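The values are calculated or read from the model by the stated rules, or taken from the named source; none is laboratory data. Bear in mind the structure is a predicted one, so any value in this text is a computation, not a measurement. Quick reminder, even Gly has a Cβ in these numbers, built from the backbone with ideal geometry, and neighbours come from all protein chains shown.
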Amino acid sequence: MYELLLSTAIALAVVLAFITVAAMFFVYAERKVAGWIQHRVGPNRTGGFAGWAQSIADSIKLLLKEDLILRGADRRLFQLAPAVVMASAFALFVVLPFGPGLIVADVDLGVFLILAIASVTTIGVIMAGWGSYNKWSVYGAMREAAQVASYEIPLGLSLMPPILYFGTFSLKAATEAQTGSFGMGWYLFSDAFWIAIPSFLLFFVAALAENKRAPFDLPEAESELVAGFHTEYSGIRFSFFFLEEYAAMFVFSAVGAALWLGGWNFPGIHLLEPGSTLLLVLATASFVLKAFFLVFIMMWVRWTVPRLRIDQVMTLGYKYLTPLSMAMALIAAGWEYVKHLGAQA
Amino acid sequence: MNSHPAARFDDKPGREVELDVATQDCMIHMGPQHPATHGVMRVLLKADGEILAGAQTHLGYLHRCAEKIGESVDWLQYLPYTDRYDYLAAMNNNLGYSLAVESLLGVEVPERAQYLRVIVAELNRIASHLFAVGTYGLDLGAFTPLFTALRDREEVLELFEKICGARLTYSYVRPGGVMNDAPEGWLASVAAFLDGFEKTWHEYWTLIAENKIFIERTANIGVLSAEQALAWGCSGPMLRGSGIDWDLRRDQPYLIYDRLEFDVIQGVGYRGQVGDCFDRTFVRMFEMVESVRILRQCLEQIPDGEVLHEEVGAVIRPAPGESYVAIENPRGELGHYCVSDGTKIAVRVRVRSPSFCNMSVAEHLMPGAMLGDAAAIIGSVDIVVGETDR
């Protein structure tokens, strides 16, 4: 019992450290990518080389800032909201298969767990918006509720094709199934690639909306709602919302990488001895790099396109993405059935 | 005691609370420190959920007594104050004021100075429209067009820095001519800028006007009819966007505009209806192209000679009288009404600013639009609050 608690505590500490470092890196990367896209340099002073310490300096600044709570705010909701948001983002990392054997908890219903916990973030956002005593924040919260409720469906359904293909909800099992003959048995390159590609695009768009990333950043649309649900937050509580955004971006990118892009598999993985340290390092690097690449695309999209209006977001969700993802799930199921019949014959 | 939860929100305790939920419109203050108001302006929005039921604009946060100052400093000293009302088009402000003073003085400005004035005014128009289009992208949530626009605006500002030493508040155009002649090679660098700008213009066009989301956000939004535009005294891209063919440069020519060939751009409902937010952006985009045309002709025609009328010195004493001169500022008709009693200080300097009239109609475009459209409508008016409040 004692050993179990200790190992859990260590695992959670590692996850927490990873999230913090990764989120700080993403904030820095976002600013560099934005600078690159906009003919600017981005942060280039703090810490000397290419401004690498900018995020660290910003974190220290946020930690030292006054934690301001408005007099009319609902103090409990206001104080609890960042914790709820942060805790849900934190819990998402538990089921990510970083490498062979490198997973905090291999839950059989991993994908399901991610979808379920990701929705908890919304509750935190609504708490923040409602508790802030600010009409703009309430607007942000209401938009978040509407947006997430409508994009949960296409997000969940767009995950169905890989789940049906691999016959498992576990991210670890799905990754292991993608090793193939020389590490390239990725779902995107499988016999069902014609289902995999459109379902991946659907998943990516729905994930953008779920993460409040541009062009779906309605809950915090700065030119309309000032900063939306986190307008009134300052200091460490504000940074929690910030961390959550980047952590959730990484999680959804990681899910995309695990289900479509082969997870930790890379060409040549079959040559390495199973269980060796080299394999573990390379596999983890491969997984993290794939997820980073998807995060980079999310950043690229953000700095390229304008923001949709709330009714257009809803139209896209209900009229296009939901029926399309439903059709994708049905087609994927039909294809698996055809393959099953073929195998029997 | 009434224990129903709704009772907590009842402002009159003890009254019988019905279980039906009473609804009322939400009044929201957009500004004065809201990012989409382009300065310090406040719009009181009345919203039914996401749909706007009404709006009211409140001005005055940037009031700096510009007109009153005109009555207490002498004619030439007032020139730097004109820079400050539309700080994105300061050359045009200088020009409008200088023309009004010259009309009182009755002097004819040397020809080279007239050409230099047109060159700097049109360059300033390009810079101003670039900023307008760029920040409009920002209002709609696209950050990158602004930085692409600032890159080219920077080149214009560098040209201005070379000719007058200032980047924002120039005071270059002055009563009697211009401050100094263009330095050697300056006209050639203007030509070089135009060559580069013609290429990058297409980048903006694709970034903005070919972008599906941009079209969705601006087409058929904030439609200003031609009658409404005339009734509210709109001018500039706001008026032309509604399909009215009116440009002071052509219809009441000043300086040497009657010698130049250019088209007046009107809104045509390129992606939606005539007079929508897209059309106003469309007009601004193509006015930049026309400015390039004007500049090229000016660079060809510009003669040598003096740039300042010799009779206009440091102290100006116009004969008693009054004058009104209106010019086509990037934002519309900028009029100066000056009254002189023969002393070195004006009796009255009145400014008719385009943003003020253009902004007054904006609140009438909002009812029925969505909350997100409020930013799109205010942005498409392209106000400079320094000018509305003066």
### Condition met for B:Ser380 (among the polar types (S, T, N, Q), within 14 Å of chain A (Cβ to nearest Cβ) and either under 26 Å from B:Leu260 (Cα atoms) or surrounded by 20 or more Cβ atoms within 10 Å (Cβ to Cβ) (or both))
yes
### Message
For A:Gly42, only one of the following conditions fails: (1) farther than 30 Å from B:Phe143 by Cβ; (2) within 14 Å of chain B (Cβ to nearest Cβ); (3) not aromatic (Phe, Trp, Tyr). What is its number?
### Response
(1)
### Query
Has segment B:319-336 got at least one residue that is among the β-branched types (Val, Ile, Thr), more than 14 Å from every other protein chain (Cβ to nearest Cβ) and out of contact with any His (no Cβ under 9 Å at 6 or more places or on another chain)?
no
### Task
Would you confirm whether any residue within segment B:101-119 is assigned to a helix (DSSP H, G or I) and either within 14 Å of another protein chain (Cβ to nearest Cβ) or within 27 Å of B:Asp373 (Cα to Cα) (or both)?
no
### Members of segment A:294-311 that are assigned to a helix (DSSP H, G or I) and more than 17 Å from A:Ala207 (Cα to Cα)
A:Asp311
### Query
If you go through segment A:193-239 one residue at a time, how many are more than 14 Å from every other protein chain (Cβ to nearest Cβ), in a loop (DSSP other than H, G, I, E, B) and closer than 30 Å to A:Ala333 by Cβ?
1
### Task
Would you check if there is a residue in segment B:210-222 being without any contact (Cβ under 8 Å) to a residue 60 or more places away in the chain, under 18 Å from B:Ala132 (Cα atoms), part of a loop (DSSP other than H, G, I, E, B) and charged (D, E, K, R)?
yes
### Task
Take segment B:20-43 and flag every residue that is out of contact with any helix residue (DSSP H, G or I) (no Cβ under 9 Å at 6 or more places or on another chain) and either of a type in the set (Ser, Thr, Tyr) or part of a strand (DSSP E or B) (or both).
B:Thr23, B:Arg42
### Task
Consider only pairs whose beta carbons are under 7 Å apart and that are at least six residues apart or on different chains; among these, list those whose first residue lies in segment A:293-317 and is more than 10 Å from every other protein chain (Cβ to nearest Cβ) and whose second residue is assigned to a helix (DSSP H, G or I) and acidic (Asp, Glu).
A:Met299/A:Glu30
## Note on the structure
Condition set in a helix (DSSP H, G or I) and closer than 16 Å to B:Arg280 by Cα, scope segment B:228-243, selection farthest from the chain's Cα centre (by Cα): answer is B:Gln228
### Query
Within segment B:352-374, which residues are within 14 Å of another protein chain (Cβ to nearest Cβ), buried (at least 24 other Cβ atoms within 10 Å of the Cβ) and not in a helix (DSSP H, G or I)?
B:Met366
#### Entry: Residues of segment A:103-113 classified as farther than 20 Å from A:Leu157 by Cβ and either surrounded by 23 or more Cβ atoms within 10 Å (Cβ to Cβ) or of a type outside the set (Asp, Glu) (or both), total
4
### Query
Restricting segment B:139-195 to residues that are outside any helix (DSSP H, G or I) and within 14 Å of chain A (Cβ to nearest Cβ), which is surrounded by the most Cβ atoms within 10 Å (Cβ to Cβ)?
B:Leu140
### Summary
Taking segment A:126-182 and the residues there that are acidic (Asp, Glu) and at pLDDT 85 or above, the one that is nearest to A:Leu68 (Cα to Cα) would be A:Glu144
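For B:Leu130, state whether it is surrounded by 21 or more Cβ atoms within 10 Å (Cβ to Cβ), within 22 Å of the chain's Cα centre (by Cα) and not β-branched (Val, Ile, Thr). Show your work before the answer.
Details: surrounded by 21 or more Cβ atoms within 10 Å (Cβ to Cβ): yes; within 22 Å of the chain's Cα centre (by Cα): yes; not β-branched (Val, Ile, Thr): yes.
Criteria met by B:Leu130.
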### Summary
When (1) part of a helix (DSSP H, G or I); (2) within 14 Å of another protein chain (Cβ to nearest Cβ) are applied to A:Pro162, the one that fails is (2)
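Just one of A:Pro323, A:Pro306 is within 30 Å of A:Gly129 (Cα to Cα), more than 15 Å from the chain's Cα centre (by Cα) and of a type outside the set (Phe, Trp, Tyr); which is it?
Numbers: A:Pro323 fails: within 30 Å of A:Gly129 (Cα to Cα).
Result: A:Pro306 is the single residue among A:Pro323, A:Pro306 that is within 30 Å of A:Gly129 (Cα to Cα), more than 15 Å from the chain's Cα centre (by Cα) and of a type outside the set (Phe, Trp, Tyr).
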### Query
When you go through B:Tyr81, B:Tyr61 one by one, which is the residue that is crowded, with 16+ Cβ neighbours inside 10 Å, under 22 Å from B:Lys344 (Cβ atoms), touching a residue at least 12 places away in the same chain (Cβ under 8 Å) and aromatic (Phe, Trp, Tyr)?
B:Tyr81
### Query
Which of the residues spanning segment A:114-141 are under 14 Å from B:Glu50 (Cβ atoms) and buried (at least 20 other Cβ atoms within 10 Å of the Cβ)?
A:Trp136, A:Val138, A:Tyr139, A:Gly140, A:Ala141
#### Entry: Per-region count, segment A:1-44, residues exposed (fewer than 13 other Cβ atoms within 10 Å of the Cβ) and under 16 Å from the mean Cα position of the chain (by Cα)
1
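Residue check: is B:Trp205 farther than 16 Å from B:Cys357 by Cα and either at pLDDT 90 or above or over 25 Å from the mean Cα position of the chain (by Cα) (or both)? First the steps, then the outcome.
Working: farther than 16 Å from B:Cys357 by Cα: yes; either at pLDDT 90 or above or over 25 Å from the mean Cα position of the chain (by Cα) (or both): no.
Considered against the rule, which asks whether it is farther than 16 Å from B:Cys357 by Cα and either at pLDDT 90 or above or over 25 Å from the mean Cα position of the chain (by Cα) (or both), B:Trp205 comes out as no.
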### Query
Within the group A:Ala81, A:Ala87, A:Ala23, A:Ala50, which residue is in a helix (DSSP H, G or I) and under 30 Å from B:Ala149 (Cβ atoms)?
A:Ala50
### Message
For segment A:121-131, check the following and say yes or no: at least one residue is touching a Pro at 6+ places or on another chain (Cβ under 9 Å) and not in a helix (DSSP H, G or I).
### Response
no
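Quick check on segment A:54-62. Is at least one of its residues loosely packed, with under 13 Cβ neighbours inside 10 Å, away from chain B (no Cβ under 14 Å) and either part of a loop (DSSP other than H, G, I, E, B) or of a type in the set (D, E, K, R) (or both)?
As a first pass, look at segment A:54-62 and keep what is loosely packed, with under 13 Cβ neighbours inside 10 Å: A:60-61.
From what's left, away from chain B (no Cβ under 14 Å): A:60-61.
Those left that are additionally either part of a loop (DSSP other than H, G, I, E, B) or of a type in the set (D, E, K, R) (or both): A:61.
Scanning segment A:54-62, I find at least one residue that is loosely packed, with under 13 Cβ neighbours inside 10 Å, away from chain B (no Cβ under 14 Å) and either part of a loop (DSSP other than H, G, I, E, B) or of a type in the set (D, E, K, R) (or both), so the answer is yes.
Does A:Leu188 satisfy being buried (at least 22 other Cβ atoms within 10 Å of the Cβ), in contact with a Gly (Cβ under 9 Å, 6 or more places away or on another chain) and among the aliphatic types (A, V, I, L, M)?
Considered against the rule, which asks whether it is buried (at least 22 other Cβ atoms within 10 Å of the Cβ), in contact with a Gly (Cβ under 9 Å, 6 or more places away or on another chain) and among the aliphatic types (A, V, I, L, M), A:Leu188 comes out as no.
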### Query
Which of (1) of a type in the set (Gly, Ala, Ser); (2) farther than 25 Å from A:Pro306 by Cα; (3) modelled with pLDDT of 85 or more does A:Ala207 not meet, given it meets every other one?
(2)
